[in-house]
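What follows is a single structure, written as structure tokens, with notes after it.
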Amino acid sequence: MPDTLTATLTQTRPADRTSPFAPARRERAALVAGAAVGAAVLLAAARATQAGFLLPAMSRDAWLAVHLCSVIPALPLGAVVLLGRKGDARHRLLGRIWAVLMLVAALSSFGLKGLTGSFSPIHLLSILVLVSVPRGVVQAVRGNIAAHRRTMTFVYFGLVGAGAFTMLPGRLLGLALFH
Ligand code: HEM
């Protein structure tokens, strides 16, 4: 009997530790990066508001307003979706909202040409997001969950990376953070 118990435990323990609902290592890395960038974006946005230039900039430029109103909630919402239980109704609802926010972020970026006066290399990321989000949705609908997880984690990394780049000195949020 004890032998049977030992055999059962050694067989089931590894499977328990790698639950399909648990965030994978790549997703956990995305979440840590997302928390750091989210904190920096919030700090920069608060400083820019306090300095009195963020709200006037957003009211002058509707694309900037739409862009910021999509990317800022997408950071914590994406983290909740990546961290939470996968596949249930809550995941599907929050995932859809996040996917729409990412599409709005990418589409609105085509109205922003501040860095070069024309399209910049960051617009390539916008195209990638416009392709990847529908691809990730199709993968989920077809039941290819491993590919769906990879694609959506990649898009979240894109969001975090683009957010980190906005902290560069000379960019709107970078100016607020470093001056
Ligand atoms: C937390 C995430 C993000 C934040 C806080 C953010 C913020 C901003 C801000 C403030 C600008 C105005 C230009 C400037 O910085 O001076 C901007 C421009 C832009 N953003 Fe984002 N963004 C984020 C995510 C994204 C994502 C996910 C994409 C692509 C899908 C994207 C694509 C762009 C592009 C292409 C521009 C125009 C660059 C240029 O000036 O030529 N951003 N973003």
_All-pairs Cα distance distribution in region 99-179, expressed in whole percent, bin size 5 Å_ = 3, 15, 22, 22, 16, 11, 6, 4, 2, 0
*Note the angle between two axes, namely the Cα long axis of helix 145-165 and the longest principal axis of the Cα atoms of the chain, as a number of degrees from 0 to 90, rounded to the nearest 10.*
30
*Placing +1 at every Lys and Arg Cβ and -1 at every Asp and Glu Cβ, with all other atoms neutral, what dipole size does the chain have around its Cα centre, in debye to the nearest 20?*
220
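Find the percent of Cα-Cα distances in the chain that exceed 19 Å, and round it to a whole number.
On the way: 9826 of 15931 pairs.
In whole percent, the long-distance tail amounts to 62.
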*Taking only the alpha-carbon atoms of region 48-128, what semi-axes of the equivalent ellipsoid follow from 5 times the gyration tensor eigenvalues under a square root, in whole Å, largest first?*
28, 16, 10
*Which is farthest toward the positive dipole end of the chain among Gly84, Ala162, Val66, measuring Cα position about the Cα centre, with Cβ charges +1 (Lys, Arg) and -1 (Asp, Glu)?*
Gly84
*asked:* Just to confirm a number: summing +1 for Lys and Arg and -1 for Asp and Glu over residues other than Val155 whose beta-carbon lies under 15 angstrom from that of Val155, what do you get?
replied: +4
*Ignoring ligands, DNA and RNA, what percent of the 1.4 Å accessible area of the chain is carbon and sulfur?*
70
*At a temperature of 25 °C and a viscosity of 0.890 mPa s, determine how fast region 138-179 diffuses translationally according to Stokes-Einstein, using the Kirkwood radius over alpha-carbon pairs as Rh; express D in µm²/s, rounded to the nearest whole number.*
205
*Label 7 Å along Cα→Cβ of Phe110; region 126-153 residues with amide nitrogen under 16 Å?*
126-134
*Accessible area per residue in Å² at 1.4 Å probe, computed on the chain*: 60
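The values are calculated or read from the model by the stated rules, or taken from the named source; none is laboratory data. Being a predicted model, the structure only gives us computed values, none of them experimental. Don't worry about glycine lacking a Cβ; one is built from the backbone with ideal geometry, like all the others, and counts go over all protein chains shown. For accessibility, only protein heavy atoms count, side chains too; no ligands or nucleic acids. Shrake-Rupley method; radii C 1.70, N 1.55, O 1.52, S 1.80 Å.
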